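A.B. asks: I have a structure I would like to understand better, so I am pasting it below and will then ask my questions one at a time.
The values are calculated or read from the model by the stated rules, or taken from the named source; none is laboratory data. If you're wondering where the values come from, they're calculated on a predicted model, not measured in any experiment. Using ideal geometry, Cβ is built from the backbone for each residue, glycine included, and neighbour counts are taken over all protein chains shown. In case anyone asks, the SASA skips ligands and DNA or RNA and just uses the protein heavy atoms, side chains included. Shrake-Rupley method; radii C 1.70, N 1.55, O 1.52, S 1.80 Å.
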Amino acid sequence: MKSAVTLCHVAEAATGPFVFHGPIADGFAKAATHGFDAVEVFLAGPDAYSENDLRDLADRHQLAIAAVGTGAGMVKHGLTLTDPSATRRAEALDFVKRMIDLGGRLGAPAIIGSMQGKSTGAVSRDQALDWLAAGLSEAAGTAANHGVPLLYEPLNRYETNLINRQADALAFLEQRGIPSTLILADLFHMNIEEPDLAAALRAIAPRLGHVHFADSNREAVGHGHTDPAPVLAALRDIRYRGYLSAEILPLPDADAAARDFLASIKP
Ligand code: LER
Ligand code: MN
């Protein structure tokens with residue numbers, strides 16, 4: 001398993017669960033200093049940083065790019081793949097596909113988390129799930145053109161009413177025939193939704209693509225009340241080879257969060 005740390009340069013997400021906020025170049029330098037294997041980047045949009053700048057930073061610091069977030073489409077522009085307006089859904093898909101293109105050219109998968117949206121008002125949950133399946137299928141096709149998977153992240157009930165549990169995400173992807181899409185398991189969301197974190201991870205083993213390794217209070221594991229031992233044992237048993245990524249709050253400060261995170265994933 002490899003380590004990654006989140007870098008966020010999105011003003012609207014300045015209080016979000018990311019370790020290093022601000023210019024991405026500074027975040028790469030911090031990630032390298034702490035000894036991470038990779039960074040996970042949250043950018044304001046597909047044109048916020050050039051592919052060449054990101055590749056240069058990754059090369060210079062000998063860091064991989066583990067994943068690219070797409071949530072700025074939601075927090076900056078209010079876009080989601082399940083918006084009642086067909087025009088807005090198309091804009092959301094366009095934003096997502098351009099982020100997938102940016103990540104794909106760097107060998108990194110993109111994450112669909114908050115861009116999944118939720119069913120609201122006159123839109124039924126079934127209708128929203130149909131739109132989500134269509135959006136994910138098309139986005140996955142774009143990702144496949146780059147030879148990378150798409151990462152779909154179930155969120156807790158306070159963020160979406162579409163899919164909250166890992167097993168439901170697996171069933172959704174399989175029943176709808178959504179190709180080349182893996183599941184992003186975020187332990188913070190899972191702490192709210194799953195009866196048993198380790199069992200939930202074991203149950204989706206073939207489709208587990210990425211892990212946000214966070215404690216119950218969304219700080220580094222060790223700061224809350226999650227027992228990491230069964231989680232790490234499950235990941236080892238299923239031979240998970242992906243990233244454990246620090247999508248956590250920068251508490252008590254960013255450097256301490258990064259240090260505590262790395263300590264929490266040491267065998
Ligand atoms: C994104 O990875 C996530 O976990 C959501 O909660 C976004 O806030
Ligand atoms: Mn997450």
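A.B. asks: Working carefully through the options 174, 159, find the one that is acidic (Asp, Glu), open to solvent by 50 Å² or more (accessible area, probe 1.4 Å) and within 17 Å of the chain's Cα centre (by Cα).
C.D. replies: Checking each option against the conditions leaves just 159.
A.B. asks: Looking at the stretch 79-101, is at least one residue crowded, with 23+ Cβ neighbours inside 10 Å, within 16 Å of ligand 1 (Cβ to nearest atom) and among the aromatic types (Phe, Trp, Tyr)?
C.D. replies: Scanning the stretch 79-101, I find no residue that is crowded, with 23+ Cβ neighbours inside 10 Å, within 16 Å of ligand 1 (Cβ to nearest atom) and among the aromatic types (Phe, Trp, Tyr), so the answer is no.
A.B. asks: Among the candidates 185, 169, 140, 144, which residue alone is more than 16 Å from ligand 2 (Cβ to nearest atom), within 28 Å of residue 248 (Cβ to Cβ) and at pLDDT 95 or above?
C.D. replies: That would be 140, the only listed residue that is more than 16 Å from ligand 2 (Cβ to nearest atom), within 28 Å of residue 248 (Cβ to Cβ) and at pLDDT 95 or above.
A.B. asks: Given the conditions (1) within 15 Å of the chain's Cα centre (by Cα); (2) without any contact (Cβ under 8 Å) to a residue 12 or more places away in the chain, and given that residue 218 satisfies all but one, which numbered condition is not satisfied?
C.D. replies: Among (1) within 15 Å of the chain's Cα centre (by Cα); (2) without any contact (Cβ under 8 Å) to a residue 12 or more places away in the chain, the lone unmet condition for residue 218 is (2).
A.B. asks: So which of 89, 98, 125 is at pLDDT 95 or above and either under 14 Å from residue 184 (Cα atoms) or in contact with a helix residue (DSSP H, G or I) (Cβ under 8 Å, 6 or more places away or on another chain) (or both)?
C.D. replies: None of the other options fit; the residue is 89.
A.B. asks: If a residue must be more than 14 Å from ligand 1 (Cβ to nearest atom) and open to solvent by less than 30 Å² (accessible area, probe 1.4 Å), how many such residues does the stretch 225-256 contain?
C.D. replies: Of the residues in that region, 9 qualify.
A.B. asks: I would also like to ask the following. Any idea how many residues of the stretch 104-118 are closer than 13 Å to residue 72 by Cα and among the small types (Gly, Ala, Ser)?
C.D. replies: 4
A.B. asks: Checking residue 74 against (1) exposed (fewer than 15 other Cβ atoms within 10 Å of the Cβ); (2) touching a helix residue (DSSP H, G or I) at 6+ places or on another chain (Cβ under 9 Å); (3) of a type in the set (A, V, I, L, M), which test does it fail?
C.D. replies: (1)
A.B. asks: Right, next: Among the numbered criteria (1) within 15 Å of ligand 2 (Cβ to nearest atom); (2) in contact (Cβ under 8 Å) with a residue 40 or more places away in the chain, which single criterion is violated by residue 240?
C.D. replies: It fails just one condition, (1).
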